[in-house]
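A quick write-up on the structure given underneath.
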Amino acid sequence: DAGVIQSPRHEVTEMGQEVTLRCKPISGHNSLFWYRQTMMRGLELLIYFNNNVPIDDSGMPEDRFSAKMPNASFSTLKIQPSEPRDSAVYFCASSLGMTSGGAETQYFGPGTRLLVL
Amino acid sequence: AQTVTQSQPEMSVQEAETVTLSCTYDTSESDYYLFWYKQPPSRQMILVIRQEAYKQQNATENRFSVNFQKAAKSFSLKISDSQLGDAAMYFCAYREAGTASKLTFGTGTRLQVTL
């Protein structure tokens, strides 16, 4: 299995621009998570989906952030407009969800390093 | 709310020696999962080991083992025969069982491995 795939791996943009981060979960996984990692706040959950439905988006910082999961194999995290404080590493993770036998483990993608100038 | 505490910002170990990283957590749940993730300079989050709270036996994965003390809410990671490739940030994480739920992470411990 290729694991969780994220693109782009690095993104540099200017303040005010729209940024779209993409994620392909592991095939067969039905839960998908978006995390953000910063020096100040550590690793924090932004939103997660179960069977393509958003379950908890309480971690989304503000209306500038939105996430979608149109099908089981693709999700996007969009920031519009971007700000310098959005600079961080954004991780996507997936898991099997509610089944048993090790299914509670989340597998992470390589992350997208975002820099907003 | 669940919290995870890693009280050691940095640790150092000599190659081939053993080191233990500490983690404590707070929860009112009885069923949950605990994890240790490794994050090398590449920033990739790599699962090291996991523990189910309902299991009394401590998990082991090759050179990595945990000391799970449920009553004390403690979950330490022991790395035996440390190797240079073990140098990384190590994050302890908690997740409730039963539902697809988020991971709550500690602040991490940076492990240095010296010759």
Considering residues of region B:23-40 that are open to solvent by 40 Å² or more (accessible area, probe 1.4 Å) and away from chain A (no Cβ under 14 Å) only, the residue nearest to the chain's Cα centre (by Cα):
B:24
Out of all the residues in region B:105-115, which are surrounded by fewer than 21 Cβ atoms within 10 Å (Cβ to Cβ) and either of a type outside the set (Lys, Arg) or more than 14 Å from residue B:13 (Cβ to Cβ) (or both)?
B:107, B:112, B:113, B:114, B:115
Taking region B:49-61, which residues are within 11 Å of chain A (Cβ to nearest Cβ) and of a type outside the set (S, T, N, Q)?
B:49, B:50, B:52, B:53
State whether the residues of region A:2-23 include one that is within 26 Å of residue B:41 (Cα to Cα) and without any contact (Cβ under 8 Å) to a residue 40 or more places away in the chain.
yes
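Table: residues versus (1) among the hydroxyl-bearing types (Ser, Thr, Tyr); (2) more than 14 Å from every other protein chain (Cβ to nearest Cβ); (3) loosely packed, with under 13 Cβ neighbours inside 10 Å; (4) in contact (Cβ under 8 Å) with a residue 24 or more places away in the chain.
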| site | (1), (2), (3), (4) |
| --- | --- |
| B:63 | no, yes, no, no |
| B:66 | no, yes, no, yes |
| B:75 | no, yes, no, yes |
| B:86 | no, yes, no, yes |
| B:94 | yes, no, no, yes |
Go over the candidates B:115, B:111 one by one and state the one that is more than 14 Å from the chain's Cα centre (by Cα) and more than 14 Å from chain A (Cβ to nearest Cβ).
B:115
Are there strands (runs of 3 or more DSSP E) fully within region A:37-76 with at least 1 residues that are in contact with a Ser or Thr (Cβ under 6 Å, 6 or more places away or on another chain), in contact (Cβ under 8 Å) with a residue 40 or more places away in the chain and within 14 Å of chain B (Cβ to nearest Cβ)? List them.
A:42-50
Considering (1) surrounded by 12 or more Cβ atoms within 10 Å (Cβ to Cβ); (2) in contact with a Lys or Arg (Cβ under 9 Å, 6 or more places away or on another chain); (3) touching a residue at least 12 places away in the same chain (Cβ under 8 Å), say which one residue B:43 fails and leave the rest.
(3)
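The values are calculated or read from the model by the stated rules, or taken from the named source; none is laboratory data. Not measured: the values here are computed from a predicted model. Every residue, glycine among them, receives a Cβ derived from its backbone with ideal geometry; neighbour counts consider all protein chains shown. Ligands, DNA and RNA are stripped out before the accessible areas are found, and what is left, the full protein with its side chains, is counted by its heavy atoms. Shrake-Rupley method; radii C 1.70, N 1.55, O 1.52, S 1.80 Å.
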